[in-house]
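The structure under discussion appears below in the form of structure tokens.
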């Protein structure tokens, strides 16, 4: 059976489960204002067999730990994250499914990180846990048994990570098109609730990540996403796109949506605005 590499529906996941496919499922539910809330929701109800992945503890580098990016949610080193995945039992032949209760905002981070570590067979559960339950999917509470560790190691990166220095070097060049996924008032610099400087990277386009979803939390149809991104890009090459947000997390729904739309793979500036604005030498735009 072909691997699912972007989105998977609840019905498709149920079919995989019924067929005994080798699966690894992660619940990435999170709340930036209440960092423990996601784990509490997971313990109250999750897809049977799903493991919990915490944005701060599992999907970001710990304080004082070496990191692969800057910003408020720095990426861990690839080998550190590969070890985390090995301790959760990941094998190369497994189909990984990630979901949350937050519009694919946090599970998208794990989707991208698995691609970054060379694991192509990973998909976001379209519509999240809400869609799963609406389709009659089972849930259970409490912890899951600890998985058996595996010798998983990182392979060649399947998605491109861009540094602040690379973004700066390519400003105003046709080889780079920046897309900012934050809400428009933050992009314009009218408000800034999290970082010390308001505004955006000069030349960046704005597409709030919430625009990728229908009212029920599922991604918009591929043809609609394609039309919207093509209108935003105005003949700029999709391959030139580098996505960013505040800390590299909510940029992922835009990146994933472009792949769903058939526009190909694009890059991520994971340090995002929180890293960019930490250096006063870097230019800032407003409006």
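Candidates in the stretch 49-63 are the residues that are in a loop (DSSP other than H, G, I, E, B) and in contact (Cβ under 8 Å) with a residue 40 or more places away in the chain; of these, the one that is farthest from residue 34 (Cα to Cα) is 49. Taking the stretch 158-188 as the range and being touching a helix residue (DSSP H, G or I) at 6+ places or on another chain (Cβ under 8 Å) and either more than 27 Å from residue 33 (Cβ to Cβ) or at pLDDT below 95 (or both) as the test, the residues that pass are 158, 159, 161, 167, 174, 175, 176, 177, 178. Candidates 33, 44: the one that is touching a residue at least 60 places away in the same chain (Cβ under 8 Å) and either surrounded by fewer than 20 Cβ atoms within 10 Å (Cβ to Cβ) or not assigned by TED's automatic domain parsing to the domain that holds residue 127 (or both) is 44. Inclusion of residue 191 among residues that are under 22 Å from residue 240 (Cα atoms) and either modelled with pLDDT of 95 or more or loosely packed, with under 15 Cβ neighbours inside 10 Å (or both) is not warranted.
With respect to residue 246, determine if the residue is on the phi > 0 side of the Ramachandran plot and either at pLDDT 95 or above or in contact with a strand residue (DSSP E or B) (Cβ under 8 Å, 6 or more places away or on another chain) (or both).
Judged against the criteria, residue 246 is not a match.
The listed residues are 275, 228, and the only one of them that is within 21 Å of the chain's Cα centre (by Cα) and either without any contact (Cβ under 8 Å) to a residue 24 or more places away in the chain or surrounded by fewer than 18 Cβ atoms within 10 Å (Cβ to Cβ) (or both) turns out to be 228.
Out of 186, 182, 101, report the one residue that is crowded, with 17+ Cβ neighbours inside 10 Å, in a loop (DSSP other than H, G, I, E, B) and assigned by TED's automatic domain parsing to the domain that holds residue 265. Steps first, answer last, please.
Details: 186 fails: in a loop (DSSP other than H, G, I, E, B); 101 fails: assigned by TED's automatic domain parsing to the domain that holds residue 265.
When all the criteria are applied, what remains is 182.
Going through 189, 199, 137 one at a time, which residue ends up being at positive phi, over 23 Å from the mean Cα position of the chain (by Cα) and touching a residue at least 40 places away in the same chain (Cβ under 8 Å)? The match here is 189.
Considering each residue of the stretch 10-26 in turn, none proves to be assigned by TED's automatic domain parsing to the domain that holds residue 91, free of Cβ contacts under 8 Å to residues at least 60 places away in the same chain, part of a loop (DSSP other than H, G, I, E, B) and within 28 Å of residue 79 (Cβ to Cβ).
The values are calculated or read from the model by the stated rules, or taken from the named source; none is laboratory data. Since we're looking at a predicted model, the values are computed, not measured. Using ideal geometry, Cβ is built from the backbone for each residue, glycine included, and neighbour counts are taken over all protein chains shown.
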